[in-house]
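**Student:** Take a look at this one; I'll ask things after.
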Amino acid sequence: KAGVTQTPRYLIKTRGQQVTLSCSPISGHRSVSWYQQTPGQGLQFLFEYFSETQRNKGNFPGRFSGRQFSNSRSEMNVSTLELGDSALYLCASSLMFTGVDTEAFFGQGTRLTVV
Amino acid sequence: DQQVKQNSPSLSVQEGRISILNCDYTNSMFDYFLWYKKYPAEGPTFLISISSIKDKNEDGRFTVFLNKSAKHLSLHIVPSQPGDSAVYFCAASGSQGNLIFGKGTKLSVKP
């Protein structure tokens, strides 16, 4: 069974640009969550999608957005990139939406560097 | 305001001994807790979880203890092995969904 796949693995962008990251969940999983990891901050929740609907959103500015497609694949978009957006972006998939006694499985992440 | 806290950024343990990683939380509505392990350049890997209706869950060398009155949980690894060296994240989940993570504890197991 294939795991969670995130593309691309590494990305370098310039301030002011926008970026789109992709996540393919484990087959059969309907929930996809996105997290940002920066040094010293742990994993901070961005948003969660379940059956193409955003269920939950973390405390991030509107420049961060996402969507989920009918095949459960998800994309995350960051517009007007800032230097502080440099981070490891992790996607996690789970069978049901989180909070229902179900663990989330993570992809390897996309390392975004903004210069 | 951190709802899940891992107060020890790092822990060093001798191979074969017990590793104890601690986690505190503030929200009494959390009903499910998880531990993840993360190696550099990889995503976190699920280790073990515990529901709030239990106070202990065991899986091989890993045991998680939950003390609801103290809002505290701990992960015990016995015996510790060098391959256990990684960053360990504690996470909590409430009925609203999404996992809230601590900042992690870096465990180093010395041979």
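The values are calculated or read from the model by the stated rules, or taken from the named source; none is laboratory data. Here the structure is a predicted model, which is why all the values come from computation and not from measurement. With ideal geometry, Cβ positions are generated from the backbone for all residues, glycine too; neighbour counts draw on all protein chains shown. Surface accessibility is based on the protein's heavy atoms, side chains included, excluding ligands, DNA and RNA. Shrake-Rupley method; radii C 1.70, N 1.55, O 1.52, S 1.80 Å.
**Student:** So how many Lys-Lys pairs in the protein assembly as shown land under 15 Å Cα to Cα, not counting same-chain pairs under 8 apart?
**Tutor:** Lysine pairs satisfying the spacing and distance rule in the protein assembly as shown number 12.
**Student:** Between residue A:18 and residue B:55, what is the label-point separation in nm under the 7 Å Cα-to-beta-carbon projection?
**Tutor:** With each label point 7 Å from Cα toward Cβ, the separation is 5.4 nm.
**Student:** Taking the Cα atoms of region B:5-44 alone, what are Rg (to one decimal) and Dmax (as a whole number) in Å?
**Tutor:** Rg then Dmax for region B:5-44, in Å: 13.1, 37.
**Student:** In square nanometres, what is one fourth of the surface area of the convex hull spanned by the alpha carbons of the protein assembly as shown? Write down the numbers at each step before the final one.
**Tutor:** Details: hull surface 48.9 nm².
About 12.2 nm², averaged over all directions.
**Student:** Which semi-axes, in whole Å and largest first, does the equivalent ellipsoid of region A:1-87 have when worked out from the alpha carbon gyration tensor as the square roots of 5 times its eigenvalues? Could the numbers behind the result be given before it?
**Tutor:** Values: eigenvalues 96, 40, 34 Å².
Equivalent ellipsoid of region A:1-87: 22, 14, 13 Å, largest first.
**Student:** A further question on this structure: Using a probe of 1.4 angstrom, how much of the accessible area of the protein assembly as shown is carbon and sulfur, in percent?
**Tutor:** Values: 5160 of 10590 Å².
Using a 1.4 Å probe with all protein chains present, the protein assembly as shown comes out at 49 percent carbon and sulfur.
**Student:** Over chain B, what lengths in whole Å, largest first, do the semi-axes of the equivalent ellipsoid take, defined as the square roots of 5 times the eigenvalues of the alpha-carbon gyration tensor?
**Tutor:** Values: eigenvalues 103, 43, 29 Å².
Computed over chain B, the values are 23, 15, 12 Å.
**Student:** Of B:16, B:43, B:60, which has the largest mean-square fluctuation in a 10 Å C-alpha GNM of chain B?
**Tutor:** Result for chain B, Cα springs under 10 Å: B:60 fluctuates most.
**Student:** Follow-up. Enter the Cα centre distance for the pair region A:31-70 and region B:1-48, rounded to the nearest angstrom.
**Tutor:** Going from one Cα centre to the other spans 21 Å.
**Student:** To the nearest 10 square angstrom, what accessible area does residue B:29 show with a 1.4 Å probe?
**Tutor:** My reading of the accessible area for residue B:29 is about 130 Å².
**Student:** Leaving ligands, DNA and RNA out of it, work out the accessible area of residue B:63 with a 1.4 Å probe and give it in Å² to the nearest 10.
**Tutor:** Answer for residue B:63: close to 20 Å² accessible.
**Student:** Just the accessible area for residue A:103, please: 1.4 Å probe, Å², rounded to the nearest 10?
**Tutor:** 50 Å²
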